[in-house]
Every structure is written in structure tokens, then in C-alpha cells.
């Protein structure tokens, strides 16, 4: 069980998934295949055709918390 760090409600476990890698970066970009700029972090691992990583969803806050390697 994971509690939401914003509202303290119980979060639902699942996966953050995409057909392409999901990347966090300090600046918005128009297109990206892989992290290239300083500070960009690849959040998902590639499994066959779907990139995914464990995540938790808070229905109250409409937020997702994800793990990455």
C-alpha cells in the first residue's frame, strides 16, 4: 500500500506505459526518442514493444507517482 504524498489517500498500484520511452526533463521539447540533454531521465524500461515502469495513481489528486531505474 502507498499513501499519496499530497492528500494522504491510498493510491492504486499499476504501471505507467507508453509505446515510446517516457522521459522527465527540466525543459519541454517537441520531439524525443531518448534522453539527450543534461538533467533528462528515462522513466520507463522497454519490454518488447511497450515501455513501462511501476507507478501509483491517486484518484483524489489525479496524480501519478512512478519509479525509475
* Which condition number in (1) part of a loop (DSSP other than H, G, I, E, B); (2) at negative phi; (3) modelled with pLDDT of 90 or more is the one that residue 8 fails? -> (2)
* Any idea how many residues of the range 26-57 are surrounded by 15 or more Cβ atoms within 10 Å (Cβ to Cβ), at pLDDT 75 or above and outside any strand (DSSP E or B)? -> 3
* To do: Please indicate, with yes or no, whether at least one residue in the range 62-69 is surrounded by 15 or more Cβ atoms within 10 Å (Cβ to Cβ), within 15 Å of the chain's Cα centre (by Cα) and at pLDDT below 80.
  => no
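The values are calculated or read from the model by the stated rules, or taken from the named source; none is laboratory data. Predicted model, so just to flag it, every value in this text is computed and none were measured. Methodologically, a virtual Cβ is constructed for each residue, glycine included, from the backbone with ideal geometry; neighbour enumeration extends over all protein chains shown.
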